[in-house]
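The values are calculated or read from the model by the stated rules, or taken from the named source; none is laboratory data. Quick caveat, the model's predicted, so the values are computed rather than measured. Here Cβ is always computed from backbone atoms with ideal geometry, including for glycine, and neighbour counts include all displayed protein chains. Protein only, heavy atoms only, side chains kept; ligands, DNA and RNA dropped before computing areas. Shrake-Rupley method; radii C 1.70, N 1.55, O 1.52, S 1.80 Å.
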Amino acid sequence: MPMRRTDVKLTRLRIGHTRFTHRHLLLGEDAPECPSCNVSYTVHHILIDCPVFNHHRITFFHKSVLTLSDLVGESPHQNLFAFMKKIGFLYLI
């Protein structure tokens with residue numbers, strides 16, 4: 001079961017649809033917005049763009065400029081889930 005949960009989370013990240021980023025569609029609410037950037041939260045924004053998480057990106061991935069394929073590509077980055085746990089996003093997927 002733990003491997004299936006990991007696979008499901010990875011698939012959701014790859015397609016860009018998570019409970020956090022898309023639950024507003026089911027509930028008829030406004031899309032969640034990043035308070036520091038004033039843009040809608042997306043998987044790309046959280047993992048790649050948001051400057052709030054830049055320090056954590058450097059800590060976990062040893063660089064701040066990344067692509068989604070670097071993180072969730074054919075072979076996902078080994079620190080991806082540790083990074084998401086640290087920023088509080090792992091349980092919102």
Practice task
Over the chain, with every protein chain in place, what whole percent of the accessible area is carbon and sulfur at 1.4 Å, could you tell me?
Solution key: 55 percent
Problem - Base-10 log of normalised Debye intensity for the chain (one unit scatterer per alpha-carbon) at q = 0.12 Å⁻¹ - result: -0.36
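Kindly sort Y91, Y41 by accessible area of their heavy atoms, largest first, with the probe set to 1.4 Å. Don't skip to the end; give the middle numbers.
Numbers: Y91 150, Y41 45 Å².
The ordering from most to least exposed comes out as Y91, Y41.
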Completion exercise
Taking the chain and a Cβ-Cβ threshold of 4.7 Å, the cysteines left without a partner are C50
Fill in the blank from the handout: FRET efficiency (T59, Y91; Cβ distance; R0 25 Å; to 0.05) is 0.80
Practice task
Using the charge dipole of the chain (Lys, Arg: +1 at Cβ; Asp, Glu: -1 at Cβ; taken about the Cα centre), state which of F89, N79, F61 has its Cα farthest towards the positive end.
Solution key: N79
Practice task
Round to the nearest 10 and report in Å² the accessible area of H45, as given by a 1.4 Å probe over the protein chains' heavy atoms.
Solution key: 10 Å²
Handout entry: Rough spin-label spacing in nm, given labels placed 7 Å along Cα→Cβ, for V39 and L66
Key = 1.6 nm
Handout entry: Solvent-accessible area of I15 with every protein chain in place, 1.4 Å probe, in Å² to the nearest 10
Key = 110 Å²
Completion exercise
Given unit charges at Cβ for Lys, Arg (+) and Asp, Glu (-), the dipole magnitude of the chain about its Cα centre in debye, nearest 20, is 380 debye
Practice task
Give me the accessible area per residue for the chain, probe 1.4 Å, as a whole number in Å².
Solution key: 65 Å²
